[in-house]
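The structure appears right after this line, and notes come after that.
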Amino acid sequence: MTENQYDTIIVGAGHNGLVAAAYLAKARKKVLVLERRPIVGGTVVTESFGEGFDVDSVWTGGTLRPDIIKDLKLSLPTVTEKPAFISLLSDAENLVIDSDPAKAAESIKHFSEKDAARWPEFVRFMNMAAGILDVAYSTIMPRLPKNFSFDEGYGLFELGLELRLAGRRDMLNFIRALPMTAQELLEENFESEELKAAIASVAVHGQTLGPMEAGTGYTLIHNWLNRGGLALTPSPLPKPGEGQGVRGIGSISQALAETVKAHGGQIRCEAEVTRIQVDKQQAKGVVLASGEAIPAGTVISAVDPKQTFLSLVGPMELPPEFVWKTQSIKMRGSVAKVHLLTNGDHGIPEETIVLAPSIKYLEKAYDAAKYGGISEKPYLEVTTSGNVVSVHFQYAPYKLKNSAWKVEAERVKDLTINTLAEYFPAIQSRITNYQIITPLDLEQTYGLTEGDLNHGQLMLDQFLFMRPIPGWSNHKTPIDGLYLCGSGVHSGGGVSGAAGRNVVRVLGF
């Protein structure tokens, strides 16, 4: 192979890596994407676990930023109607929050007249706050407090302008909301425990935090932005005969991969990178598990910062303080996924359904994870597509105190089914197959260190210019020619592609 056949090598074919590759290929750069799995997509993938058992394995909802879809001319399945958000309650009447604020208010009225009247204003504030956060995520954070320049600071100027345009009251309320607990934020707005808990579940979704933890005001806004509200927006799964990956969230990754190839980029699956080659603080290429060395002047890592620096680069190539800060990144995954194939007669509507009857219930579920235990009364979020029921289970910590995941996986499945059966009695006798994805599976199969869906917890000391670590928030690294674009950097977390788009802007495209 000739020297530097590729301008850029991207490690990992997750959605952020594919977004970066698509932009670079479109700019006529010679790009190679290397993926250790047989399929592209990372955690944005639709997989088959048996006949008629196609599931969105990890992320069951989400979409790319509209500007990315437009720039790359992506053709993606469209969802004509936003699902409702349903909170399961012990009595006969569940809380149904429709995407239409007026319809949602009618349901909320059954729990509180005051909350129903307040709901449209809360939705307006959350949409405004999500809009500001969206601007922040499209802004490349400068390396505060180091090497501040006008070019990098211009994005902060635009963010400041967006805050000013929001008006003094909204600006202050947005800034106040970020460090608040979800409980405090919601108690300022509502009186109904059922409504507060339903919204709080979105604040803790995917986080190893409880609703009484500082910073869950921020994660509520973050998740609201990525979801476009409370409910998930899933892509319909493949129907029998359509073929794997035709629909479902994997269609996002498939469309990106096709765009990369259409512009001349290359993607190699089952090509695991074991080392990023560094010489005199300069990235030179990568080495695969097979021993093959592939040179390139630029390497972009779409895997998490800990894997990138501590495993692929190695501590010896990095400054000691940088290594220490990288080791201190909080991962702490506590999510398991349980997918159930049924005969179709499960009785669960195709909406976003949560089990979060009270804020105390959510906090108690989180308490178990604090001490290395699995929640006996878990927070569940359920989505369905035809015969498939997919359950997001919290809290199931990666680090178990008195057991191991090879023992506990079946217990999580049983807890999930037994808990669901309290509300949907038919489910137990309708299951024909199942698939359990534990936090250990998220690490070993999907490459998520400690099973952390976001490549690092979304916390107050790990967001904006402090993500992934303070002083290195602009996608650059101590190694010249090595950049980050995964969910562990600023703008990452969830499905949006912003991190992949921003790294290309740092490169000047």
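The values are calculated or read from the model by the stated rules, or taken from the named source; none is laboratory data. From a predicted model like this one, the values you see are computed outputs, not experimental measurements. Because the Cβ atoms are built from the backbone with ideal geometry, glycine has one as well, and the counts that use them run over all protein chains shown.
What the table shows:
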{"item": "Count of residues meeting criterion [of a type in the set (Asp, Glu), without any contact (Cβ under 8 Å) to a residue 60 or more places away in the chain and part of a strand (DSSP E or B)] in segment 372-393", "result": "0"}
{"item": "Enumeration of residues in segment 427-451 that are part of a loop (DSSP other than H, G, I, E, B) and either of a type outside the set (A, V, I, L, M, F, W, C) or touching a strand residue (DSSP E or B) at 6+ places or on another chain (Cβ under 9 Å) (or both)", "result": "Thr438, Thr445, Tyr446, Gly447"}
{"item": "Which numbered condition Asp414 misses (of (1) acidic (Asp, Glu); (2) assigned to a helix (DSSP H, G or I); (3) in contact (Cβ under 8 Å) with a residue 60 or more places away in the chain)", "result": "(3)"}
{"item": "Candidate set from segment 286-303 (those that are assigned to a strand (DSSP E or B) and over 28 Å from the mean Cα position of the chain (by Cα)); member that is farthest from Leu482 (Cα to Cα)", "result": "Ala293"}
{"item": "Condition check for Val495: β-branched (Val, Ile, Thr), at pLDDT below 95 and within 30 Å of Pro234 (Cα to Cα)", "result": "yes"}
{"item": "Residues satisfying the stated conditions in segment 77-109, i.e. more than 26 Å from the chain's Cα centre (by Cα) and in a loop (DSSP other than H, G, I, E, B)", "result": "Leu89, Ser90, Asp91, Ala92, Glu93, Asn94, Lys109"}
{"item": "Residue selected from segment 189-229 under the condition of a type in the set (A, V, I, L, M, F, W, C) and part of a loop (DSSP other than H, G, I, E, B), by the criterion farthest from the chain's Cα centre (by Cα)", "result": "Phe190"}
{"item": "Single unsatisfied condition, Ser311 versus (1) part of a helix (DSSP H, G or I); (2) in the same structural domain as Thr445 (by TED's automatic domain parsing); (3) closer than 27 Å to Ala499 by Cβ", "result": "(2)"}
{"item": "Counted residues, segment 337-371 - those being part of a loop (DSSP other than H, G, I, E, B) and either modelled with pLDDT of 95 or more or among the aliphatic types (A, V, I, L, M) (or both)", "result": "4"}
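Every residue, every condition in (1) assigned to a loop (DSSP other than H, G, I, E, B); (2) touching a residue at least 12 places away in the same chain (Cβ under 8 Å); (3) closer than 28 Å to His455 by Cα; (4) not polar (S, T, N, Q), yes or no:
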{"position": "Thr8", "(1), (2), (3), (4)": "no, yes, yes, no"}
{"position": "Ala20", "(1), (2), (3), (4)": "no, yes, yes, yes"}
{"position": "Val33", "(1), (2), (3), (4)": "no, yes, yes, yes"}
{"position": "Ile39", "(1), (2), (3), (4)": "yes, yes, yes, yes"}
{"position": "Ser75", "(1), (2), (3), (4)": "yes, yes, yes, no"}
{"position": "Phe111", "(1), (2), (3), (4)": "yes, yes, no, yes"}
